[in-house]
Amino acid sequence: MKLDCTQRMNKRFFIETFGCQMNKSDSELMAENLRAQGFSAAATEEDADIVIFNTCSVRNHAENRALSRIKAASVRKDQIIVVAGCMAQRIGTKIIDEGIASLIIGPYQTPIAGELLQLFFSSGQRVFLSQNTKDFHPRFNGVPSVKSAHFWHRWVTITHGCENFCAYCIVPYVRGKLISFPSATIVSYIELLASSGASEITLLGQNVNQYGQDSGDIPFFRLLEKAANVHGISKINFLTSHPKDFSRETLEVIRDYPNISRAIHLPLQSGSDRILCAMNRHYTTAHYYHIIADMERILGDYAISTDLIVGFPGETEEDFKMTLEMVRRIRFDEAFTYAYSPREGTAAFGLEETLSADEKTSRLNELIALQREISREKLIHRIDRREEVLVEAISKKSSEEVMGKTFLNHPVVLPGGSDDIGHMVKVKIVKVIGNTLYAERIP
Ligand code: SF4
């Protein structure tokens, strides 16, 4: 399809994002590059000339959902369908062959989606899946030209890719090797974001604790410290951590800087050492307990969330009970729980599944019920605490209330209005309804 410049400039795009925070961040970068190339955002998918699906490959379910959305969109023959992200990398050529998308862009090139669309219009090139270092594009597209609903918050990608090869995970195959961005560039970028009004940032990487290991740059805890020292940044989050690389120094930096979130996401995956070894996770449950003891000692007040997989091949009733026991002892604030689903191309794909779907569901339900109880008890424990809340939006239930998150990442509803959005407010927690804390404002 060849279009002249005027025809391209008038085109409107719509992006639908699947999966993790990394994809949300990549979608923002794509949108910025598209605008810089003269495209404009459409309000709805139907209004768009270009529909971009930024996809996830982590679970079968995520891929199937994206595929059915892509197929439904491909019926509208007047739109250009773009498939980007991890699923594009994994099965993009097949998608093009099936004729359900016009253009495929892998994770190395998503930040320049606008430029690739221009290339598509001028030359007809349809597949951009190189994982060659020379084709990798960093994640710093400058200050957004359009004020978003979450204008105070910016993602800051510090690493791309992963070389840990956890046995169940497709990420190293679709996102490629670990690439840490230079710390000086990251810090300058955060300074630029702060000077343009951002007050909250989230440092992103598949395993942020591995930052600098590939490039010999400063370790993660030093980068976190530098970010915390940037004037104007009042809240810093970081995702995701890996127990094998999580350091005591990171906890000490969190302790010393009140603008770093005390909510730590540390995927455990299983409470059985045998299963952790089979998952290629490179830590033991004893090591995990050791990190939790450090958190207690160094931080005192903190929130811990985790990821747990049930039904990994070979998981016995005994292994599962160990996971339950660990959940009971650690008392996570939140757990993202999954039944194991095999991903073609991963090391675990060839392993014989030892549980039926029903058995996995039954274990999953037991785990979810236990975690719900603990999560609620931990929320009740916050009553009467004084906290700071970063207000994010008007409450869905009342225009005289706003909702935000504490430094422990708990959702809170409090009296307020639109002027509070993007600002810190001091509150006292007064009650819990469902999974939400309710608070009153304090001076
Ligand atoms: S650390 Fe493991 S689970 Fe996380 S992205 Fe890398 S391979 Fe996947």
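The values are calculated or read from the model by the stated rules, or taken from the named source; none is laboratory data. Since the model is a prediction, treat every value here as computed from it, not as a measurement. A quick note on method: Cβ atoms are made from the backbone with ideal geometry, for glycine too, and the neighbour counts reach across all protein chains shown. Just the protein is used for accessible areas: all its heavy atoms, side chains included, with ligands, DNA and RNA removed. Shrake-Rupley method; radii C 1.70, N 1.55, O 1.52, S 1.80 Å.
Sort out which residues of region 167-177 are under 18 Å from the mean Cα position of the chain (by Cα), within 11 Å of the ligand (Cβ to nearest atom) and either open to solvent by less than 20 Å² (accessible area, probe 1.4 Å) or of a type in the set (Val, Ile, Thr) (or both), and write them in order of number. If the condition is that a residue be under 18 Å from the mean Cα position of the chain (by Cα), within 11 Å of the ligand (Cβ to nearest atom) and either open to solvent by less than 20 Å² (accessible area, probe 1.4 Å) or of a type in the set (Val, Ile, Thr) (or both), then 170, 171, 172, 174, 175 are the ones that fit. Looking across region 251-290, the residues that are touching a Leu at 6+ places or on another chain (Cβ under 9 Å), within 16 Å of the ligand (Cβ to nearest atom) and under 15 Å from residue 304 (Cα atoms) come down to 264, 265, 267, 268, 269, 288.
Tallying residues that are closer than 14 Å to residue 313 by Cα, open to solvent by less than 70 Å² (accessible area, probe 1.4 Å) and of a type outside the set (Val, Ile, Thr) within region 274-299 yields 4.
Residue-by-condition table, conditions (1) small (Gly, Ala, Ser); (2) in a helix (DSSP H, G or I); (3) modelled with pLDDT of 95 or more:
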site	(1), (2), (3)
84	yes, no, yes
89	no, yes, yes
104	no, no, yes
108	no, no, yes
116	no, yes, yes
121	no, yes, no
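Here is a check on your reading of the model: is residue 65 within 16 Å of the ligand (Cβ to nearest atom), under 24 Å from residue 346 (Cβ atoms), outside any loop (DSSP other than H, G, I, E, B) and open to solvent by 10 Å² or more (accessible area, probe 1.4 Å)? Criteria not met by residue 65. Listed conditions (1) among the β-branched types (Val, Ile, Thr); (2) buried (at least 17 other Cβ atoms within 10 Å of the Cβ); (3) closer than 17 Å to residue 32 by Cα are all met by residue 146, apart from (2). Identify all residues within region 48-62 that are in a loop (DSSP other than H, G, I, E, B) and in contact with a helix residue (DSSP H, G or I) (Cβ under 9 Å, 6 or more places away or on another chain); write none if there are none. 56, 57, 58 - these are the residues of region 48-62 that are in a loop (DSSP other than H, G, I, E, B) and in contact with a helix residue (DSSP H, G or I) (Cβ under 9 Å, 6 or more places away or on another chain).
So that you can scan it fast, the table gives a plain yes or no per residue for (1) under 29 Å from residue 93 (Cβ atoms); (2) open to solvent by 40 Å² or more (accessible area, probe 1.4 Å); (3) more than 9 Å from the ligand (Cβ to nearest atom):
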| position | (1), (2), (3) |
| --- | --- |
| 156 | no, no, yes |
| 161 | yes, no, no |
| 165 | yes, yes, no |
| 180 | no, no, yes |
| 183 | no, no, yes |
| 187 | no, no, yes |
| 193 | no, no, yes |
| 196 | no, yes, yes |
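In the list 78, 26, 49, which residue meets the criterion of being in contact with a strand residue (DSSP E or B) (Cβ under 8 Å, 6 or more places away or on another chain) and surrounded by fewer than 21 Cβ atoms within 10 Å (Cβ to Cβ)? Checking each option against the conditions leaves just 49. Residues in region 325-347 that are closer than 25 Å to residue 411 by Cα and among the aromatic types (Phe, Trp, Tyr): 332, 336, 338. The residues of region 352-374 that are assigned to a loop (DSSP other than H, G, I, E, B) and in contact (Cβ under 8 Å) with a residue 40 or more places away in the chain, listed by number, are 353, 354, 355. Candidates 286, 198, 293: the one that is among the hydrophobic types (A, V, I, L, M, F, W, C), assigned to a loop (DSSP other than H, G, I, E, B) and either modelled with pLDDT of 95 or more or under 23 Å from the mean Cα position of the chain (by Cα) (or both) is 198. Selection of first residues in region 169-183 that are part of a strand (DSSP E or B) and of second residues that are open to solvent by 30 Å² or more (accessible area, probe 1.4 Å) and within 11 Å of the ligand (Cβ to nearest atom), restricted to Cβ pairs under 8 Å at least 6 apart or on distinct chains, gives an empty result. A count restricted to region 303-318 and to residues that are crowded, with 20+ Cβ neighbours inside 10 Å and away from the ligand (no atom under 16 Å from the Cβ) stands at 4. Checking 325, 344 one by one, the residue that is in the same structural domain as residue 165 (by TED's automatic domain parsing), at pLDDT 95 or above, open to solvent by 70 Å² or more (accessible area, probe 1.4 Å) and within 20 Å of residue 278 (Cβ to Cβ) is 325 and no other.
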